[in-house]
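**Student:** The structure that follows is given in the form of structure tokens.
The values are calculated or read from the model by the stated rules, or taken from the named source; none is laboratory data. Everything numeric in this text was worked out from a predicted model, so none of it was measured. Glycine also receives a Cβ, built like all others from the backbone with ideal geometry; neighbour counts cover every protein chain displayed.
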Amino acid sequence: MNKQSKVAIFGGTGMLGSSIFRQLKKSGYENVISPSRKEGFDLLKKDAVDKFFKNELPEKVFMVAGLVGGILANNSRQADFLYQNSLMILNVLEALKNYSPGTKLLYTGSTCIYPKENPQPINEKRFMHGPLEETNIGYAVAKGMGIVACQLYRKQYGINAIEAMPTNLYGPNDNYDLQNSHFIAAMIQKFVNAQRNGNELVFWGSGKPRREALYVDDCADACIFLMENYDKPEIVNIGTGFDHSIKEYIEITEKVFNFDKEIKWDTSKPDGMYEKRTDISYLKSLMPGYGPRPFEDGLKQVLKIDFGVEV
Ligand SMILES: NC(=O)c1ccc[n+]([C@@H]2O[C@H](COP(=O)([O-])OP(=O)(O)OC[C@H]3O[C@@H](n4cnc5c(N)ncnc54)[C@H](OP(=O)(O)O)[C@@H]3O)[C@@H](O)[C@H]2O)c1
């Protein structure tokens, strides 16, 4: 991809979008634009999206905007997650088709698109091969529809849309609202509160389920690589290649914080799926240098950047 070409990021104020912006700038891209909702660029409004493509004709677009949340938000606002995430990608694809068909699009789905029961690690071929987890079915159906939509606009209209499936992300600019956040952000915020205000540390479940956590800059690098080098309709997982139990994440964080107070477990709360690991062999075959950083390293970066804590 030419370093002077016009590249747009939709969702540039968010965790992944802001990371893609940083990483593109770091690698010398000079013409990166990131229209925001504050400036009137609302992806739910067809007119605003049409106008953007008519006026800007970007060469590449990272479509990483979305309504995103943790299990609580996902479960209680299923219809909102379905409607908004569906409409946003459909507005983008229609505008591309009508006004800027030469634009290449990278769309981020999520590993939530996979069925709730899977052989581990989860291969891309598992998409649409079983019932989904009920607690985020609105989000998962919208994301799955987005993938199929990208594939169909490619087939019928020749739009060069590619689809990346990131695993759980964490990193600078994450959402730390305890009602809305994902596990790693919530865990970090709870440790910060316990350290600063002496709050009791309580975690849900048994701590046994195993999860991946990918540092957002490593995901952004993979997205940029795919934008530069990949042109196929098949979806690509962006996972870690390693996982930890919830308890292990907490132990690593305790060590980094040098935390020595008691940690309580509310075992009346559900554990969720025991294991959810993505198969990254396809991504590794395309990008042999892909190797996400260990959790401890990413955690130290987040503490420094988002909380001003040097460890
Ligand atoms: N976070 C994860 O663990 C994770 C895991 C897998 C996949 N993903 C996917 O990766 C992408 C990025 O996630 P993220 O964690 O970076 O999300 P995020 O931090 O919540 O950011 C979401 C972005 O989308 C924008 N947005 C939402 N609704 C919009 C609208 N109607 N019009 C224009 N912009 C809108 C937000 O803009 P405002 O600032 O205006 O709200 C924000 O910039 C999403 O597609 C998500 O589904 C995330």
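**Student:** Can you pull out the residues in region 44-87 that are crowded, with 23+ Cβ neighbours inside 10 Å, under 20 Å from the mean Cα position of the chain (by Cα), within 11 Å of the ligand (Cβ to nearest atom) and closer than 20 Å to Lys104 by Cα?
**Tutor:** Those that are crowded, with 23+ Cβ neighbours inside 10 Å, under 20 Å from the mean Cα position of the chain (by Cα), within 11 Å of the ligand (Cβ to nearest atom) and closer than 20 Å to Lys104 by Cα: Phe62, Met63, Val64, Ala65, Gly66, Asn85.
**Student:** Follow-up. Looking at region 14-39, which of the residues that are in contact (Cβ under 8 Å) with a residue 40 or more places away in the chain, out of contact with any Pro (no Cβ under 9 Å at 6 or more places or on another chain) and not small (Gly, Ala, Ser) is farthest from Lys60 (Cα to Cα)? Before the answer, list the steps.
**Tutor:** Kept after step one, since they are in contact (Cβ under 8 Å) with a residue 40 or more places away in the chain, are these residues of region 14-39: 14-20, 22-24, 27.
Narrowing the set further to residues that are out of contact with any Pro (no Cβ under 9 Å at 6 or more places or on another chain) leaves 14, 17, 20, 23-24, 27.
Still in the list and also not small (Gly, Ala, Ser): 20, 23-24.
Details: Ile20: 13, Gln23: 15, Leu24: 12 Å.
That would be Gln23.
**Student:** Related question: Can you tell which of Ser245, Ser206 is among the small types (Gly, Ala, Ser) and at pLDDT below 95?
**Tutor:** On the way: Ser245 fails: at pLDDT below 95.
Only one candidate passes the filter, namely Ser206.
**Student:** Inspect region 23-44 for any residue being touching a Ser or Thr at 6+ places or on another chain (Cβ under 7 Å) and either β-branched (Val, Ile, Thr) or closer than 22 Å to Val236 by Cβ (or both) and give the result as yes or no. First the steps, then the outcome.
**Tutor:** Let us first name the residues in region 23-44 that are touching a Ser or Thr at 6+ places or on another chain (Cβ under 7 Å), namely 31, 36.
Cutting the leftovers down to either β-branched (Val, Ile, Thr) or closer than 22 Å to Val236 by Cβ (or both) gives us none.
No, region 23-44 has no match at all.
**Student:** Sort out which residues of region 22-43 are crowded, with 17+ Cβ neighbours inside 10 Å and among the hydroxyl-bearing types (Ser, Thr, Tyr), and write them in order of number.
**Tutor:** Tyr29, Ser34
**Student:** Could you check Asn160 against (1) under 30 Å from Lys300 (Cα atoms); (2) more than 11 Å from the ligand (Cβ to nearest atom); (3) crowded, with 18+ Cβ neighbours inside 10 Å and say which number it fails?
**Tutor:** Only one criterion in (1) under 30 Å from Lys300 (Cα atoms); (2) more than 11 Å from the ligand (Cβ to nearest atom); (3) crowded, with 18+ Cβ neighbours inside 10 Å is unmet by Asn160, namely (1).
**Student:** Still on this structure, I have one more. Of all residues in region 127-155, which are free of Cβ contacts under 8 Å to residues at least 40 places away in the same chain, among the small types (Gly, Ala, Ser) and more than 13 Å from the ligand (Cβ to nearest atom)? Write out each step before concluding.
**Tutor:** Just the residues of region 127-155 that are free of Cβ contacts under 8 Å to residues at least 40 places away in the same chain, to begin with: 128-132, 134, 140, 144, 148, 152.
Restricting the remaining residues to those that are among the small types (Gly, Ala, Ser) gives 130, 140, 144.
Of everything in region 127-155, just one residue is free of Cβ contacts under 8 Å to residues at least 40 places away in the same chain, among the small types (Gly, Ala, Ser) and more than 13 Å from the ligand (Cβ to nearest atom), namely Gly130.
**Student:** Could you tell me which residue of region 74-113 is nearest to Ser181 (Cα to Cα), considering only residues that are without any contact (Cβ under 8 Å) to a residue 60 or more places away in the chain and among the aromatic types (Phe, Trp, Tyr)?
**Tutor:** Applying the filter and picking the extreme gives Tyr83.
**Student:** In region 1-19, what count of residues is obtained for those that are touching a Ser or Thr at 6+ places or on another chain (Cβ under 9 Å) and either crowded, with 21+ Cβ neighbours inside 10 Å or closer than 21 Å to Leu96 by Cα (or both)?
**Tutor:** Within region 1-19, the first condition is being touching a Ser or Thr at 6+ places or on another chain (Cβ under 9 Å), and the residues that meet it are 3, 8-13, 16-18.
Checking the rest, the ones that are also either crowded, with 21+ Cβ neighbours inside 10 Å or closer than 21 Å to Leu96 by Cα (or both) come to 8-12, 16-17.
Within region 1-19, residues that are touching a Ser or Thr at 6+ places or on another chain (Cβ under 9 Å) and either crowded, with 21+ Cβ neighbours inside 10 Å or closer than 21 Å to Leu96 by Cα (or both) number 7.
**Student:** Could you give me the residue pairs with C-beta distances under 9 Å whose first residue belongs to region 267-278 and is within 17 Å of Ser110 (Cα to Cα), whose second residue is part of a loop (DSSP other than H, G, I, E, B) and of a type in the set (Phe, Trp, Tyr) wherever it lies, and which are 6+ apart or on separate chains?
**Tutor:** Lys276/Tyr114; Arg277/Phe242; Thr278/Tyr114
**Student:** Give me the pairs, please: first residue somewhere in region 156-172 and farther than 17 Å from Asp243 by Cα and touching a residue at least 60 places away in the same chain (Cβ under 8 Å), second residue anywhere and of a type in the set (Asp, Glu) and outside any loop (DSSP other than H, G, I, E, B), beta-carbon distance under 8 Å, and either six or more positions apart or on two chains.
**Tutor:** Filtered contacts from region 156-172: Pro172/Asp306.
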